[in-house]
1. So in the range 19-50, with the set limited to residues that are touching a Leu at 6+ places or on another chain (Cβ under 8 Å) and assigned to a loop (DSSP other than H, G, I, E, B), which one is surrounded by the fewest Cβ atoms within 10 Å (Cβ to Cβ)?
2. Sort out which residues of the range 193-244 are of a type in the set (D, E) and either part of a helix (DSSP H, G or I) or touching a helix residue (DSSP H, G or I) at 6+ places or on another chain (Cβ under 9 Å) (or both), and write them in order of number.
3. Just give me the residues in the range 96-115 being touching a residue at least 60 places away in the same chain (Cβ under 8 Å) and touching a Ser or Thr at 6+ places or on another chain (Cβ under 8 Å), in sequence order.
4. Check A84 against each of (1) part of a loop (DSSP other than H, G, I, E, B); (2) in contact with a Lys or Arg (Cβ under 8 Å, 6 or more places away or on another chain) and name the one condition it does not meet.
5. Counting just the residues of the range 277-296 that are among the basic types (K, R) and closer than 26 Å to Q344 by Cβ, which one comes out most open to solvent (accessible area, probe 1.4 Å)?
6. If we keep just the residues of the range 343-391 that are assigned to a loop (DSSP other than H, G, I, E, B) and among the small types (G, A, S), which is surrounded by the fewest Cβ atoms within 10 Å (Cβ to Cβ)?
7. Here's a check for you: in the range 605-645, which residue that is without any contact (Cβ under 8 Å) to a residue 12 or more places away in the chain and assigned to a strand (DSSP E or B) is surrounded by the most Cβ atoms within 10 Å (Cβ to Cβ)?
8. Please count how many residues of the range 502-521 are more than 33 Å from the chain's Cα centre (by Cα) and buried (at least 24 other Cβ atoms within 10 Å of the Cβ).
Amino acid sequence: MDKIRITLPDQSVRDYPIGTTGLEIATSISRSLEKDSLAIAVNGKVKDINLPLNQDAHIRIITFDSDEGKDIYWHSSSHIMAQAIEELFPGTKFGAGPSIENGFYYDIDSPHSFTPEDFKLIEDKMKEIGKRELTIRRQELSRDEAITYFKTSRQDLYKVEILENTIKEDDVVSVYHQGEFSDLCTGPHLPNTSRLKAVKVLSVSSSYWRGDASRQVMQRIYAITFPKQTLLDEYLFQLEEAKKRDHKKLGKQLQLFMFSPMVGRGLPVWLPNGTIIRRTLEQFLREELLKRGYVEVITPHIGNLEMYKTSGHYPYYSDSQFAPMTVEDEQYLLKPMNCPHHHQIYSNQPRSYRDLPLRLAEFGTVYRYEQSGELNGLSRVRGFTQDDAHIYCTHDQLKAELINAIELTQLVFKLFNMPVKTRLSFWDPNNKDKYAGSPEMWEQSQEEILDVAKTMDLDYFVGMGEAAFYGPKFDFIVKDAIGRKWQLGTVQVDYVMPERFGLEYVGPENTKLRPVIIHRAPFGSMERFLSILIEHFAGNFPTWLSPVQAAVLPISEVFNDYAADVEKQLADAGVRVKLDLRNEKIGYKIRDWETQKVPYMLVIGGKEAESGSISIRKHGQGDQGTVPVAEFVKMISTEIQSRSL
């Protein structure tokens, strides 16, 4: 009875004395794991690695390599940064300091006005605190004890307000101590400060306490940390690369899209070049949809408010929707989702099991109300187009249809050479108010999703609480050319909407049955996908996707007629080609088209005109030699048709 049985991720079992800590278990496995260990998952719940274990458990040691590990590492680092700031600038008070997607921030109230000149000072102090190897210790207090502590010992009224306004009277809270610094936090945290090795303070901006413009203006300091200097160096390189690839800058340079205050914030206008790219992507997907038995539909940009009340999008997502508009005696809503419209198409006529699966597809524009401060180029907009589809099928058809939809989504990412991981987004049974449908329905649909993931041997992980309100889903996380991760396409299972809209089909026994709905969107939002694609390629689009695929550049007006003939041959072959007849030197023309990132520049002079050839320059690679026109037409046509990268 003085032993506990610990089951490791590989299902091996080891016996340890009662009271053994996660850190001691990591040490017993390997010295390298001890060095890398940050926290421990005990029966799925993440805890501090230095807490004792007193009963049998399944455990997993968490390291920086995982999303959980990064979250813990960066949240602990925010405490270390707060301690550094407190030591450097006495009198500073602290609001909230969460981890974010890349790093962390802390909102602070300080008499000192922070500037970039302070960053190095803060970094050095954080590294010094790391070298102190301070133990990070958890203490549990009652709510009242914690209030007293932050009124007297720490004298931080921001923490007092959090305790008084958000914590129930009988709740137990935790305070984490490291040396002379303490902070209110649920944890878990690093075992000690020595895990911090590399740090970079990134920026400072202003914020309001608790997001309320009527409250205290605070200073928000952003930073990022890593357990190795090489990881920080890689991240900073990635940041510089990201600046070069910024889709907003490239969108302007390449004349892809624009925003106009006369049109409205967050409402992109597609320019001719951007429209070509978008239509080319749509054409690719339409070809695939045709092969897979989809039919295309078109629905209005607004809908009756009652329809969205029936679906649950209103009020579930009412905060992110534009206000309803009243027309005569009815209320309408700018379309936030395409699905309710598609359900009306399904119910427009009687359906038999012989009609299923029915696959309805639409490039449908939808509208969401985003705060102006959250708008960001094409990646966060108020009007965007989804490559949406809804598959209505029998339960027996569900697995095959899910596999088909996932294969289509994988095809999209493979086309652009983007590695993909899959998140199985499940509901949070401890927060049932967020979801529609019964617990039994959720358990069934999640088992079906898990079965498909295993059948397809997907590289997946489970995201609890990430489901849509009407069902679980596959979310696809892709990695771009510089290693950034993006959540793009999605495939969702839905048993809720058929009930809400009374959707039926007649089964083989002449009984009325409910279909299952699959929601799927390989690109997700065309706008967001394009923002990522622009940055993935740094505007250097593959030839098949480039707005202009070749530019014909005569070195003088003497060769304009031959250049026009070359242009015609390319255009007749379906190549998007431009003829540059400007009275400029050839060097200027080449530099200009290089800036526009056109894949091929075809230089024409006397030798080319005499031999019926062209001199090829490839974007970023320079001179490629001289070939007959017909040979180049065949070469570029093959490159376009194969959608080569």
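The values are calculated or read from the model by the stated rules, or taken from the named source; none is laboratory data. Model, not experiment: these values are computed from the prediction. Cβ coordinates were reconstructed from backbone atoms using ideal geometry, including for glycine residues, and neighbour counts include every protein chain displayed. These area figures cover heavy atoms from the full protein model, side chains too; ligands, DNA and RNA do not enter into them. Shrake-Rupley method; radii C 1.70, N 1.55, O 1.52, S 1.80 Å.
1. G19
2. First, pick out the residues of the range 193-244 that are of a type in the set (D, E): 212, 233-234, 240-241.
D233, E234, E240, E241 - these are the residues of the range 193-244 that are of a type in the set (D, E) and either part of a helix (DSSP H, G or I) or touching a helix residue (DSSP H, G or I) at 6+ places or on another chain (Cβ under 9 Å) (or both).
3. G97, G103, F104, Y105, Y106, D107, I108, D109, S110
4. (1)
5. Ranking the qualifying residues of the range 277-296, first place goes to R286.
6. Step one: of the range 343-391, the residues assigned to a loop (DSSP other than H, G, I, E, B) are 347-351, 356-357, 368-371, 375, 377-379, 381-382.
Now narrow it down to the ones that are among the small types (G, A, S): 347, 377, 379.
On the way: S347: 15, G377: 22, S379: 18.
The selected residue is S347.
7. Q624
8. Looking only at that region, the number is 0.
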